[in-house]
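Here is the structure we will look at.
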Amino acid sequence: MSDDMMTVTAPRHSRRLSDKILIAFHLACDQGDLTVARRLLEAVETAITVSRFASALPGSRRRRDQEALIAAHERLWKLRHPDVEVVATFPRATGYVMPAIAPAALQ
């Protein structure tokens, strides 16, 4: 096998580490392993923070990272609080829609 073939067949990493960890987070949620999901979410936050300081991310990438983290936190919260009824949503300045919790659920 020539050196040219080895460089052509080398695997390319098309996803960032934070994207791969986020996929693992959703898998842990799907399997109901909330402890692992929480730790993976912490790892995603760390990976995104490190990549922000290492290079200046464009605004659209930062926004997508923020939206993905918010959605992940929301999913984990809903899995940890399945008995809490979400009755309405309201938009925030970021465009994120936050659930409003029924007052009876808070007691």
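What do you reckon, is V8 under 20 Å from I70 (Cβ atoms) and at pLDDT below 85? Considered against the rule, which asks whether it is under 20 Å from I70 (Cβ atoms) and at pLDDT below 85, V8 comes out as no. Taking the criterion of being at pLDDT below 75 and exposed (fewer than 13 other Cβ atoms within 10 Å of the Cβ), the residues of the range 33-59 that qualify are F53, A54, S55, A56, P58, G59.
The values are calculated or read from the model by the stated rules, or taken from the named source; none is laboratory data. The structure displayed is predicted, hence computed values, not measured ones. No Cβ is skipped: glycine too gets one built from the backbone with ideal geometry, and neighbour counts run over all protein chains shown.
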